[in-house]
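Here's the structure we're looking at; comments come further down.
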Amino acid sequence: MKLIYVMDPLCGWCYGNYRNTLQTAERYKDIPFEIIPGGMWAGQNVRQQSKQMAAYFIKHDQQIASLTGTAFGDAYFKFINQDEVVLDSEIPSRAILTVQQFWPEKNVAFTAAVQKERYFYGKDLNLDLTYQEMLDALGIEKELFFKHFHSPEMSAATQEAFAKAADYAMSYPTLLLDTGSEMLLIEQGYSSLEEIFSRIETGLVK
């Protein structure tokens, strides 16, 4: 049995959901929690930020904040107006998968930290420097992390995760419960914490 969370580190709705994800993983800490990044802005979909994109993001971010109560930082709104920034999901996804593979007990906390770096602190997830403070805060050895993070093996694993995500979900975030005999949809889009817990509990007693 395990929980499977399909998300993307550059997905605003996934950031809006990050506190629910942390609390769900904590409540059900005896159930493995697998994170599968979806590669929303990767490969041919990599984009460069623009004023038009920033306007689009802000409109949706306001909706996300209103529904979820998750705050977007002033630094983020300044950051997304910088045209030179590249939107590439592969890099933060590879970071998430590196932690998940080598420090699995910290994968959910690290994923939440990655999202907050962009959406609250306005940091560029393309830069190694952005990850260093997160690694220190979580007690992850930086030298070992970057060795794996920049390896061909992790690049390949990231592409495999993108393909796997497409098999599990059509949109982000999606939370599934794999009971071993069936795959149950717990959340698609945003659900309240109470709804998430209720659906998991129902799935556990099936």
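The values are calculated or read from the model by the stated rules, or taken from the named source; none is laboratory data. As the structure is a prediction and not an experimental result, all values here were calculated from the model. For neighbour counting, all protein chains shown are included, and Cβ atoms are generated from backbone atoms with ideal geometry for every residue, glycine included. Ligands, DNA and RNA are excluded from the accessible area calculation, which covers all protein heavy atoms including side chains. Shrake-Rupley method; radii C 1.70, N 1.55, O 1.52, S 1.80 Å.
Overview of results
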{"quantity": "Those residues of region 136-170 which are within 23 Å of Tyr18 (Cβ to Cβ), under 18 Å from the mean Cα position of the chain (by Cα) and without any contact (Cβ under 8 Å) to a residue 24 or more places away in the chain, in sequence order", "calculated": "Met170"}
{"quantity": "Scan of region 113-131 for residues that are open to solvent by 70 Å² or more (accessible area, probe 1.4 Å), out of contact with any Asp or Glu (no Cβ under 7 Å at 6 or more places or on another chain) and not aromatic (Phe, Trp, Tyr), ordered by number", "calculated": "Leu127, Leu129"}
{"quantity": "Selected residue (criterion: most open to solvent (accessible area, probe 1.4 Å)) from residues of region 26-50 that are aliphatic (A, V, I, L, M) and in contact with a Phe, Trp or Tyr (Cβ under 9 Å, 6 or more places away or on another chain)", "calculated": "Met40"}
{"quantity": "Failed item, numbered, when Phe110 is tested on (1) of a type outside the set (Lys, Arg); (2) open to solvent by 10 Å² or more (accessible area, probe 1.4 Å); (3) in a helix (DSSP H, G or I); (4) free of Cβ contacts under 8 Å to residues at least 40 places away in the same chain", "calculated": "(2)"}
{"quantity": "Long-range neighbours under 8 Å by Cβ, at least six apart or interchain, first residue free of Cβ contacts under 8 Å to residues at least 40 places away in the same chain within region 114-132, second open to solvent by 40 Å² or more (accessible area, probe 1.4 Å) and assigned to a loop (DSSP other than H, G, I, E, B)", "calculated": "Glu117/Lys123; Thr130/Lys123"}
{"quantity": "Residues located in region 176-206, provided they are among the polar types (S, T, N, Q), part of a loop (DSSP other than H, G, I, E, B) and open to solvent by 70 Å² or more (accessible area, probe 1.4 Å)", "calculated": "Ser181"}
{"quantity": "Top-ranked residue of region 51-103 - restricted to ones that are of a type in the set (Lys, Arg) and within 24 Å of Arg19 (Cα to Cα), ranked as surrounded by the most Cβ atoms within 10 Å (Cβ to Cβ)", "calculated": "Arg94"}
